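Note sheet for the following structure.
The values are calculated or read from the model by the stated rules, or taken from the named source; none is laboratory data. Bear in mind the structure is a predicted one, so any value in this text is a computation, not a measurement. Every residue, glycine among them, receives a Cβ derived from its backbone with ideal geometry; neighbour counts consider all protein chains shown.
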């Protein structure tokens, strides 16, 4: 219940989160299933076979909490526990955590294979939106 209240109270994050790649990446869009597979470590490449470098914002960021709630219905803490189990078994590596949205943007602009989620208001030249969260999700 608190999560629903938090999501409703966070309009700056809620409707504006998008997933972006480098503008030179040939990918035009991702389905929610493909995005889940990338961010939950099931795959480490895009559908076209090119390597995918997933990135995360800091653990305490509103965007990270919203991203995982919308993507898989889990809190950031639950995602951390999920990755701890996977790391223990050696099955996969979690997304690279960066310090800020500005760092994410710079990383994606400089890396054709990087993928990240940001606030739509932070979009700049050099980035391409490949997924938008629907308000009805």
Of all residues making up segment 86-104, the number that are outside any helix (DSSP H, G or I) and either surrounded by 13 or more Cβ atoms within 10 Å (Cβ to Cβ) or touching a residue at least 12 places away in the same chain (Cβ under 8 Å) (or both): 10
Failed condition for residue 88, given (1) closer than 20 Å to residue 102 by Cβ; (2) modelled with pLDDT under 95: (1)
Filter result (over 11 Å from the mean Cα position of the chain (by Cα) and either modelled with pLDDT under 95 or over 14 Å from residue 113 (Cα atoms) (or both)) within segment 51-68: 58, 59, 60, 61, 62
Where residue 34 falls short, out of the listed (1) modelled with pLDDT of 95 or more; (2) under 20 Å from residue 109 (Cβ atoms); (3) over 10 Å from the mean Cα position of the chain (by Cα): (2)
All positions within segment 52-75 that are crowded, with 20+ Cβ neighbours inside 10 Å and in a loop (DSSP other than H, G, I, E, B): 52, 57
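Starting from residues that are surrounded by 12 or more Cβ atoms within 10 Å (Cβ to Cβ) and over 12 Å from the mean Cα position of the chain (by Cα), keep the ones in segment 109-123 and report whichever is nearest to residue 43 (Cα to Cα).
Step one: of segment 109-123, the residues surrounded by 12 or more Cβ atoms within 10 Å (Cβ to Cβ) are 109, 111-120, 122-123.
Next, from what is left, pick out any that are over 12 Å from the mean Cα position of the chain (by Cα): 109, 111-113, 120, 122-123.
Working: 109: 22, 111: 18, 112: 17, 113: 14, 120: 25, 122: 27, 123: 26 Å.
Within segment 109-123, the match that is nearest to residue 43 (Cα to Cα) is 113.
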